[in-house]
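The values are calculated or read from the model by the stated rules, or taken from the named source; none is laboratory data. None of these values were measured; they are calculated from a predicted model. Because the Cβ atoms are built from the backbone with ideal geometry, glycine has one as well, and the counts that use them run over all protein chains shown.
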Amino acid sequence: MIIEAEIIIQPYSGEYTERIYDNESAWNSQSWTFIKFINDDYSEWCGQFRGFPRQVAISTSKNIVLVLTSDYLYQLDRETGNLADFEDQPQYQNLTVAPNGDFILADYYNFEKVTTTIKEKEQIESTIQMDLIKFKKWNNSKLEFTCDEFLNWDRHLTMTYDSETKKIEIVNG
């Protein structure tokens, strides 16, 4: 069972047991993401994923690992490391996991919560239209992030998303 995952540079050949996660597509880039996984027995292995690296997150409550690259959003089974599903050409720029185990995704303009699988997501509404969303850090159940107000790019905002109330609020800006 996977307990840790981190993006690394390409490892030396033979440094880790390797698994390649790829999908044949004319839209594939030449970039690759390398993720070092640590299992509950502390064995280490490396996954090679098509696309430029963005983020990786583990939900222990859902037993899912998500890997976000420029080319794909991959969903892995946490028990086996097997590919459960993928979404090609994702527009997502941010990925994180809430303390309650929910995955939160954001493109430049919108937030989504993964409900059960990456094929089932729900939109998280905001009181303003956002642009250039960037996740910062979790403070208990609140995710701090920055963004600009859409069509008002001089207004730089610090905001929070509360994973318990499912509300987005402006902190300052």
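Before moving on, here are some points about what is shown:
- Single condition Glu122 does not satisfy, out of (1) touching an Asp or Glu at 6+ places or on another chain (Cβ under 8 Å); (2) touching a residue at least 12 places away in the same chain (Cβ under 8 Å): (2)
- Number of positions in the stretch 114-138 that are among the polar types (S, T, N, Q) and farther than 20 Å from Thr60 by Cβ: 4
- Residue within the stretch 29-49 that is exposed (fewer than 13 other Cβ atoms within 10 Å of the Cβ), aliphatic (A, V, I, L, M), out of contact with any Leu (no Cβ under 9 Å at 6 or more places or on another chain) and under 28 Å from Lys137 (Cα atoms) present: no
- Some residue of the stretch 93-105 being among the small types (Gly, Ala, Ser) and over 29 Å from Gln10 (Cβ atoms): yes
- Enumerated strands (runs of 3 or more DSSP E) restricted to the stretch 1-101, each holding at least 3 residues that are under 18 Å from Ile118 (Cα atoms) and at pLDDT 95 or above: 53-59, 64-69, 72-77, 83-88, 94-97
- When the test is whether a residue is touching a strand residue (DSSP E or B) at 6+ places or on another chain (Cβ under 7 Å), in contact (Cβ under 8 Å) with a residue 40 or more places away in the chain, surrounded by fewer than 17 Cβ atoms within 10 Å (Cβ to Cβ) and under 23 Å from Lys121 (Cα atoms), Asn23 passes it.
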